Amino acid sequence: MSESANLFPSLFNPEWISHRIYRIFNWGSNNKRHRIYVENGSDIFNAKEDRLRFPLNKIRFLFELMRLYELAYFEHNNMKMIFVPGLLPVDQPSELPQFRVGERLVMRFTVDKALPPNITSRIIVRHHEEVKHESELWRKGAVLHRRTGDAIALIIEESRRIIVEIKGIDKTMYLNELRQTVSAIFESYKKIEPDLQYEVLIPSHDLNQNNDKPLMLSDNLIRAYSEKGMRYLDPRTYRELSLVDTADAYDVKYTPEALKAYNDFIKGFEDDE
């Protein structure tokens, strides 16, 4: 057993942990604070028996657990204060960077039911060193700036999906990094398999048409069409599109799953006929 477990065995009781962390969240919510300091512990745990049971080292340990659960992070490595994304303002900021069609990459993770809680918080915690302006954070979204190179990302959480928009010279590299993060978070929930789609790159001569209706296709379908060198019929304009540039921009590789997706897609058309 670890030294921490010997010192605070009650902290390894899941019910004990969740109850104390809930009290921290509840205090932050009631006081409209997303930065919580060790010294706030005397207000959070203010009953007489709590004051005896919660010296500063126990509060710090709760903060560390919140970091491990990806509920919070230590801002600027200040171990006396945690930043809790789940306590950020609910409203999306009015001024955010613009991600224009033709300049951006977009990927979308969609699930059948409501998203698990704290997905956006976990993304922010994992990439908190890429937060440049606190004004670009809110409870269901964030603007992130890649630490090296030139790339900016906009993360937006909706009821059943996570949308990631990226622009900049190094947008493909940043997309790879964020795709790994979001995929890993979904995988941690075991039984949730989101449908991953990408916005298809449109030739420049078509950019002025249907900009309000981006064409989103599954990653497997893009892989398969690209590998086979076949063109996709855009249902909005009835133009045939090559998906090779889209596959390159999103760095998608051909897989057996892609072939199955392609065959299922073609079979669907045959069945309709």
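Only the coordinates and a few stated rules stand behind these numbers; no lab work does. What you are looking at is a predicted structure, and each value in this text was computed from that prediction instead of being measured. Positions of Cβ are generated from backbone atoms using ideal geometry, with glycine treated the same way; all protein chains shown enter the neighbour counts.
Of all residues in region 148-155, none are among the hydrophobic types (A, V, I, L, M, F, W, C), touching a residue at least 40 places away in the same chain (Cβ under 8 Å) and surrounded by fewer than 19 Cβ atoms within 10 Å (Cβ to Cβ). Consider region 227-253 and keep the residues that are in contact (Cβ under 8 Å) with a residue 40 or more places away in the chain and among the hydrophobic types (A, V, I, L, M, F, W, C). The one that is surrounded by the fewest Cβ atoms within 10 Å (Cβ to Cβ) is 249.
Among the criteria (1) surrounded by fewer than 18 Cβ atoms within 10 Å (Cβ to Cβ); (2) assigned to a loop (DSSP other than H, G, I, E, B), the one residue 115 does not fulfil is (1).
Quick check, is residue 78 under 24 Å from residue 28 (Cα atoms) and surrounded by fewer than 14 Cβ atoms within 10 Å (Cβ to Cβ)? In short, yes.
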